[in-house]
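Below: the structure, in structure tokens.
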Amino acid sequence: MEIKIKEINVNLFKDFLSKLVTFDKYVFIKTDKDYTASQVHFPNGDAAKIISIKTEDLFKFSKPLDKTIKLVFFNAKSIIQALSFFTADNIVGVIECNEVKGELNAFRFTVKNDQEKFDLFCLDPKFSFVDMDDSKIDAALSLEEDSETEQKYICSFDVDIEILKKINSRISLNRDESRFSFKVTKDKIFVITKNNEILISSELSENDIVDPVYVTFYKKYLTLLDKENYRIHLCTNKMVVESKVSSTQIVVVSCQEDVNAEVDDTLPFEEDQQTQLENGFDDITSLELPKI
């Protein structure tokens, strides 16, 4: 089955894919008549990213979609590079699919204009399509107190691109240091490392903090944040990060190990991806702290 696209917003498509590059070599996308989205998580359950965009802003199909299309790309960086070849207008496309249980599984995505054509190779989604259902998403984004995970909401605050640059520059000074902490007082929040403390906001949501509260995270997960302004909701066991300029939400679990323990500072997607796919991805609902 061929699904024809009469117009592709290549710049927006590249931007969408770029939000997933730091998360995994494999990009898992669902598109229907309303939204194009990706909801992915690391196999160990300590981080998740949920992004969406209106389909009509990204693709204009020749006929309205009546089924969901699943797309799995390998190596998003190569896909973005291929899309960068298309600088002219009048960019169209064709998605070739197989229908399985009412959904369309894409096996080829062709992008072309008057001068060039490029086939974006798709993996078969039946192999292992990473997705999160509504209940998992709700659990990941929830700020409610949870006795099972010992989750308590602390506060919310805004950070912009410049603040993120400051945070990254400070915590990257010591490459042997794998963690950083938020220090929260009644009206201020700081990012602290072994050698540094920097004020990042004095405009917090109302809270009942008396003594300073500390929540620690692995600094490697800051790479999951795009160059955008964010609202951060901090809990005792995680932070929920919401973009203020796009429909992007990121959830990162706080550190639970001994702060003096040795830590592998590589991200999960830097490991052997074929082994990950062959073994399958963990059921995130079975994890502790929190159930993303």
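The values are calculated or read from the model by the stated rules, or taken from the named source; none is laboratory data. This one's a predicted model, so the numbers in the text were calculated from it and none came from an experiment. With ideal geometry, Cβ positions are generated from the backbone for all residues, glycine too; neighbour counts draw on all protein chains shown.
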Search result, residues across the range 234-250 that are in contact (Cβ under 8 Å) with a residue 60 or more places away in the chain, out of contact with any Cys (no Cβ under 8 Å at 6 or more places or on another chain) and surrounded by 15 or more Cβ atoms within 10 Å (Cβ to Cβ): Cys235, Thr236, Asn237, Lys238, Val240, Ser246, Thr248, Gln249, Ile250
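Considering only residues that are assigned to a helix (DSSP H, G or I) and touching a Lys or Arg at 6+ places or on another chain (Cβ under 9 Å), look in the range 139-148 and name the one that is surrounded by the most Cβ atoms within 10 Å (Cβ to Cβ).
Ala140
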Candidates Leu71, Leu104, Leu120, filtered to the one that is in a strand (DSSP E or B), touching a helix residue (DSSP H, G or I) at 6+ places or on another chain (Cβ under 7 Å) and not aromatic (Phe, Trp, Tyr): Leu120
Verdict on Val184 being crowded, with 17+ Cβ neighbours inside 10 Å, modelled with pLDDT of 90 or more, more than 24 Å from the chain's Cα centre (by Cα) and of a type in the set (Val, Ile, Thr): yes
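For (1) buried (at least 16 other Cβ atoms within 10 Å of the Cβ); (2) closer than 19 Å to Cys235 by Cα; (3) at pLDDT 90 or above; (4) aliphatic (A, V, I, L, M), each residue gets a yes or a no:
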position: Ile91; (1), (2), (3), (4): yes, no, yes, yes
position: Glu99; (1), (2), (3), (4): no, no, no, no
position: Glu103; (1), (2), (3), (4): yes, no, no, no
position: Glu116; (1), (2), (3), (4): no, no, yes, no
position: Ile137; (1), (2), (3), (4): yes, yes, no, yes
position: Glu150; (1), (2), (3), (4): no, yes, no, no
position: Glu162; (1), (2), (3), (4): no, no, yes, no
Scan of the range 169-210 for residues that are under 16 Å from Lys152 (Cα atoms), among the hydrophobic types (A, V, I, L, M, F, W, C) and in a strand (DSSP E or B), ordered by number: Phe182, Val184
Extreme residue, farthest from Ala48 (Cα to Cα), among residues of the range 97-139 that are of a type in the set (Gly, Ala, Ser) and outside the structural domain of Asn44 (by TED's automatic domain parsing): Ser128
Within the range 27-48, tally of residues that are of a type in the set (Lys, Arg) and closer than 23 Å to Phe121 by Cβ: 1
Filtered residues of the range 34-68 (kept if farther than 26 Å from Met1 by Cβ and part of a loop (DSSP other than H, G, I, E, B)): Phe42, Pro43, Asn44, Gly45, Asp46
